Each structure stands twice: as structure tokens, then as C-alpha cells.
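Report on the following structure.
The values are calculated or read from the model by the stated rules, or taken from the named source; none is laboratory data. Here the structure is a predicted model, which is why all the values come from computation and not from measurement. Ideal geometry is used to build each Cβ from the backbone, glycine not excepted, and the neighbour counts take in all protein chains shown.
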Amino acid sequence: MAQQFVMSRIAPNKVVIFGKTGCPYCHKACDLLESLHLKPGHLEYIDLSNRSDTPDIQDYLLQVTGARTVPRVFIGDTCIGGFTDLDALNKSGELEPLLKKIGAL
């Protein structure tokens, strides 16, 4: 079920963040992406805080991304990591081309 849930949310033309309400890095990731003014419908935040299957989802994210921590940020079909990785891509100038490539900008 966790695999099906995660895979049903990830799409080649979307940015998807798996996060939790109390996580400051999740909020920072959202704020950074919102500041770039992605096209409507191309950013999805999935709050895992109140789900009964959160541990299963995080275990599956560990299998496919190498980490079970949040946020887990997917640009298209690729997990780029967490907030630190997202911020580094932005600071290096690599984030906007990635977002343009998937049609989010």
C-alpha cells in the first residue's frame, strides 16, 4: 500500500514534497518552491503527520531514496533529497532548469 500511495503521487511534471506538519525543513522546502512561482497544479505537499501508514510510507521512501527523513522532495520522477539538497540546487542555479525541464516553471 505504501508503494502504491507514493507512486500514485509522483508524476513526471510535478514537484512533490512528502513532509510533516511539525518539521521546519518541510516548511522551508515549501516556502522556497512557492517563492519560485511554479505553475498551478505543479506543486503538491503531502502531509504524513496524521496518517496511520506513515511508518510504512517512510520505510518505502527509505528503499527508493536512501532516506526516510522528511522532507523528501521529488522533481518529476527523481528524488533530489531533502531541504538542504533543494536549497543547494537553488543556490547553484540548477533548480530552475530542472523545474523548467518538467514544465513546472
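Going through region 66-105 one residue at a time, which ones are charged (D, E, K, R) and within 9 Å of the chain's Cα centre (by Cα)? Before you say what the answer is, go through the steps one by one.
Filtering region 66-105 for residues charged (D, E, K, R) gives 68, 72, 77, 85, 87, 91, 94, 96, 100-101.
Passing the criteria: only Arg72.
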As an exercise: evaluate Asp31 against (1) out of contact with any helix residue (DSSP H, G or I) (no Cβ under 8 Å at 6 or more places or on another chain); (2) touching a residue at least 24 places away in the same chain (Cβ under 8 Å); (3) among the charged types (D, E, K, R) and give the number of the one condition it does not meet. (2)
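When you scan region 70-84, how many residues do you find that are surrounded by 16 or more Cβ atoms within 10 Å (Cβ to Cβ) and either more than 20 Å from Pro40 (Cα to Cα) or not β-branched (Val, Ile, Thr) (or both)? Please lay out each step first, then the result.
Residues of region 70-84 surrounded by 16 or more Cβ atoms within 10 Å (Cβ to Cβ): 70-76, 79-83.
Still in the running and either more than 20 Å from Pro40 (Cα to Cα) or not β-branched (Val, Ile, Thr) (or both): 70-72, 74, 76, 79-83.
Counting residues in region 70-84 that are surrounded by 16 or more Cβ atoms within 10 Å (Cβ to Cβ) and either more than 20 Å from Pro40 (Cα to Cα) or not β-branched (Val, Ile, Thr) (or both) gives 10.
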Quick one: in region 2-50, of everything that is under 12 Å from the mean Cα position of the chain (by Cα) and of a type in the set (Ser, Thr, Tyr), which residue is farthest from Pro97 (Cα to Cα)? Tyr25
List pairs: first residue in region 68-84 and under 12 Å from Val15 (Cα atoms), second residue of a type in the set (S, T, N, Q) and crowded, with 19+ Cβ neighbours inside 10 Å anywhere in the structure, Cβ distance under 7 angstrom, at least six positions apart or on different chains. Arg72/Thr65; Cys79/Thr65
Out of the helices (runs of 4 or more DSSP H) lying entirely within region 14-105, which hold 1 or more residues that are basic (Lys, Arg) and at pLDDT 95 or above? 24-35, 83-92, 95-101
